[in-house]
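Notes for the one structure printed next.
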């Protein structure tokens, strides 16, 4: 019995059928309409093809359209599908504001005015998504219907009422939630988030975001292959395979947190290693969903049945990312944690740390405890005691000493210490203290007095 496919061509479903690329480009939108239409004819109760029957695109066309495929614009296909066209256009314009003005012109495109080669590529897309079986190769390639459609088709997304609690992991939600909608036509809550990404990349970013949204709606979630321009490797491009977990906005840009290969494991020729890594979205040049059979074989235990997600990836969830980020200062969760010993000006600590969300991360200790930690650190040179370090300082008895875990080598931690300026002093680790001292010495040389 042939499966029945009767889902409407919603934006989410068309993004799924795009396989790669968003819908802002006219050719992509036309392609997804064709792919949806082909699937609709193949998996229909009045279909003329049977399970097990092999066919190529030309035979499909002669079977369903013996007099040739009729000319149909995108808007005609949408109208005949029964979808609410006005709502569809509003949804499209919200998602693709850069194409909002020309969407009506785009929709007048004849979806099937394409070459035989393009039509063959549409069938190849359906087979890649698991909608068609493949028999033969090259010019001899033919297709077969599937008795069961991919589970991902079950994702006819119904938009639920969104709370900022799903997006903001702190008490800012108490302010944001009451003002999600305008009041008497005025938006009374404005969140200005600094963003360092270039607006010139909006089309590529839109494509990547659409791909991730579709990917995360599938069960199980599949791994992806990224082409990534790594800043740490001096803008070198590298291909990595990862299990994508979530997008996390931090330090002026959104990052894709994933578990798998990293630029470091690839450059060191250790592709079987799996680690966490944060991929800045605007540095991702392309994203391609792949199957679990295409990841390194060592990632899949011999006992794995092939269903679901391999065991080592099961606990790699957005909540795991939140827990790891919340474990210490810094966002690069693949870096080890180490205790940071700090001295704060008491007034700064009272105004900017105490009584805030930050306070949870800091543990206030006594002068004696700080001196003991200093004495026990083997990296402190020359047997210098904390008393000697503070000799001559008048604030020793009033300053606040704290310990906090931090991600070793995370530049976000360095930037935080710089931002706090002379209100904070890094005491340990010694290597971090030296980093701060050297940076400040270099900066001071820029602003020396003119002679």
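Within region 324-336, the set of residues being within 17 Å of the chain's Cα centre (by Cα) and not in a loop (DSSP other than H, G, I, E, B) comprises 324, 325. Residue 190 falls short on exactly one of the conditions (1) modelled with pLDDT of 80 or more; (2) more than 30 Å from residue 297 (Cα to Cα), and that condition is (1).
Of the helices (runs of 4 or more DSSP H) lying entirely inside region 337-451, the ones with 2 or more residues being at pLDDT 90 or above and not assigned by TED's automatic domain parsing to the domain that holds residue 253 are found at 346-352, 367-376, 411-420, 430-446.
Of all residues in region 206-227, those that are within 14 Å of residue 291 (Cα to Cα) have Cβ atoms under 6 Å from Cβ atoms of residues that are assigned to a helix (DSSP H, G or I), 6 or more apart or on another chain, in 218/152; 219/151. Of all the listed residues (343, 280, 312), the sole one being more than 29 Å from residue 125 (Cα to Cα), surrounded by 14 or more Cβ atoms within 10 Å (Cβ to Cβ), under 22 Å from the mean Cα position of the chain (by Cα) and touching a residue at least 24 places away in the same chain (Cβ under 8 Å) is 312. Looking only at residues of region 125-134 that are touching a helix residue (DSSP H, G or I) at 6+ places or on another chain (Cβ under 7 Å) and buried (at least 16 other Cβ atoms within 10 Å of the Cβ), we find that the one that is nearest to residue 148 (Cα to Cα) is 131.
Inside region 76-105, residues that are more than 23 Å from the chain's Cα centre (by Cα), at pLDDT below 85 and part of a loop (DSSP other than H, G, I, E, B) make up a count of 3. For region 214-237, the set of residues classified as modelled with pLDDT under 85 and surrounded by fewer than 16 Cβ atoms within 10 Å (Cβ to Cβ) consists of 219, 220, 231, 232, 233, 234, 235, listed by residue number. If you filter region 106-124 down to residues that are assigned to a loop (DSSP other than H, G, I, E, B) and touching a helix residue (DSSP H, G or I) at 6+ places or on another chain (Cβ under 9 Å), you find that the one that is nearest to residue 93 (Cα to Cα) is 107.
Tallying residues that are surrounded by 14 or more Cβ atoms within 10 Å (Cβ to Cβ) and under 22 Å from residue 71 (Cβ atoms) within region 97-124 yields 14.
Assigned by TED's automatic domain parsing to the domain that holds residue 230, farther than 30 Å from residue 18 by Cα and either modelled with pLDDT under 90 or loosely packed, with under 15 Cβ neighbours inside 10 Å (or both): is that true of residue 305 in this structure? So residue 305 does not fit the description; no.
The values are calculated or read from the model by the stated rules, or taken from the named source; none is laboratory data. It should be emphasised that the depicted structure is a prediction, and the values quoted were computed from it without experimental measurement. Note: ideal-geometry Cβ built from the backbone for every residue, glycine included; neighbour counts use all protein chains shown.
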